[in-house]
Amino acid sequence: MVVCVDIVSPDELHEILELYRDTDYKGGVLPTDRLVAARSDGRLVGACRLAREHDVTVLRGMRVQPALRRQGIGSRLLYALHSLDEACFCVPYVYLQGFYGRVGFAPLQADETPAFLQTRAQEYRARGLDVVVMKREPTAQVSMSQDRASADEPDQDEQAGTGLSKPFTDHFAAVAADYAAFRPRYPAELFAWLSATAPHTRLAWDCATGGGQAAMGLAAHFDRVIATDASRAQIDAATPHPRVDYRVAPAEASGLPAGSVDLVTVAQALHWFDVARFFAEARRVLAPGGVLAVWTYGPSTVDGDSVDALVKSFYHDTVGPYWPPERAWVDVGYRGITMPFDPVTAPEFPMAASWALPQLLGCLRTWSATARYIEANGRDPVDELGERLSAPWGPPSDRRTVTWPLTLRVGRT
């Protein structure tokens, strides 16, 4: 399908209004709007508004004929903004950051956002819509082809699907606070080595940050860390740090500018991603010579044979049937996943902690398999394990060494 996009003349306004009625868009059209129309064989197939509000331009009302969605029309409308010679704002769903980021829209912090758009975003969130305010500068670069007709584009800015070929399932929302408190920390030597391996230490992106464990380690070495997670609950519970900017975004659509990142990290999360799309996104955002580092750790070993046997039985037998299928990649240390980057040989980093019994039990409660067990059976299996561990462990405040096998894979653009 050949699609042409133009600014429409006033006598074509009735067609835009009909499209908006057909797609249940209630935002209206103002006399000061510039309307952008997409046509195929002379027929209107999509439109959007460039509304002038409070002396700024806002992209609104992106709509496509229902029968023609997901055929690249939304991409064509978006690409038409490449020639816009003024700043432009929009308020899309968080998961559409990557789509709008293709033409240079970037998420704004609260202190950068016009007050009326802050209010609008708050109203959307009060209705349960997870939105973000974004801005495009007139000098922003376009990172999509004008001829691209993306099969996974949203085509709408308010009623679209996620645009992800692998739907996001939040396995950790119910345990987000415990995740931040009880998951093990990674070796400090790992982050020192990563900072020395990256071409610069200006900006790192920690993807699927969870409670921010890796982001905190990176903050000791990088000027700025952007830490994203598709889970709003995880971001809300993440550990704050002055150099860490937490954002809600899927791994496959970060919303970050192209070529802006020195290091991308993924800690204990690659197995949840649409891997091919994430690798493409990592390559897009990495600067020349930039580094991607992904790591995972397998089941722990706890000091003391009887204690370790009980913990391993809990992993394999009690909650074993409840592990999501993606967990299999962790058990094999991501062997079989091909990284399309130039490989970098990494040293081994021992991963260990000294934990009292409550810390160990707290960590076990953050497992996705434990959460699924509780949902299926209505009881917490960690309570029973804690009782069985009480004798071999000794006083709960006694500390034991817990170790994990850490697998690190690194590549460079």
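So, of the residues in segment 64-85 that are hydrophobic (A, V, I, L, M, F, W, C) and in contact (Cβ under 8 Å) with a residue 12 or more places away in the chain, which turns out to be surrounded by the fewest Cβ atoms within 10 Å (Cβ to Cβ)?
The extreme case among them is Leu68.
Taking Ser254 and the conditions (1) over 14 Å from the mean Cα position of the chain (by Cα); (2) under 21 Å from Glu326 (Cβ atoms); (3) of a type in the set (S, T, N, Q), which numbered condition does it fall short on, given that it satisfies the others?
(1)
Return the residues of segment 86-115 that are aliphatic (A, V, I, L, M) and either assigned to a loop (DSSP other than H, G, I, E, B) or loosely packed, with under 13 Cβ neighbours inside 10 Å (or both); say none if nothing qualifies.
If the condition is that a residue be aliphatic (A, V, I, L, M) and either assigned to a loop (DSSP other than H, G, I, E, B) or loosely packed, with under 13 Cβ neighbours inside 10 Å (or both), then Ala87, Val91, Val103, Leu108, Ala110, Ala115 are the ones that fit.
Anything in segment 15-61 that is within 16 Å of Leu77 (Cα to Cα), in a strand (DSSP E or B) and among the charged types (D, E, K, R)? List them, or say none.
Arg34, Arg39, Arg43, Arg49, Arg60
So, of the residues in segment 302-358 that are of a type in the set (Asp, Glu) and over 24 Å from Glu189 (Cα atoms), which turns out to be farthest from the chain's Cα centre (by Cα)?
Once the filter is applied, the top-ranked residue is Asp305.
Which of (1) surrounded by fewer than 18 Cβ atoms within 10 Å (Cβ to Cβ); (2) modelled with pLDDT under 95; (3) small (Gly, Ala, Ser) does Ala369 not meet, given it meets every other one?
Every condition holds for Ala369 apart from (1).
Restricting to segment 116-131, and then to whatever is in contact (Cβ under 8 Å) with a residue 40 or more places away in the chain and within 23 Å of Arg34 (Cα to Cα), can you tell me which residue is surrounded by the fewest Cβ atoms within 10 Å (Cβ to Cβ)?
If we take residues in segment 116-131 being in contact (Cβ under 8 Å) with a residue 40 or more places away in the chain and within 23 Å of Arg34 (Cα to Cα), then Phe116 is surrounded by the fewest Cβ atoms within 10 Å (Cβ to Cβ).
Is there any pair with a first residue in segment 353-373 that is in the same structural domain as His316 (by TED's automatic domain parsing) and a second that is surrounded by fewer than 17 Cβ atoms within 10 Å (Cβ to Cβ) and of a type in the set (Gly, Ala, Ser) whose Cβ atoms are under 6 Å apart and which are 6 or more apart or on different chains, and what are they?
Note: pairs meeting the criteria are Ala356/Ser397; Ala371/Ala174.
Please work out if Ser231 is at pLDDT 90 or above and either surrounded by fewer than 22 Cβ atoms within 10 Å (Cβ to Cβ) or of a type in the set (Gly, Ala, Ser) (or both).
no
In segment 272-282, how many residues are touching a Leu at 6+ places or on another chain (Cβ under 9 Å) and within 22 Å of Arg335 (Cβ to Cβ)?
Adding up the residues that qualify gives 5.
The values are calculated or read from the model by the stated rules, or taken from the named source; none is laboratory data. Bear in mind that the values here come from a model prediction, so they are computed numbers and not experimental data. In this analysis, Cβ positions are derived from the backbone assuming ideal geometry, glycine residues included, and neighbour counts consider all displayed protein chains.
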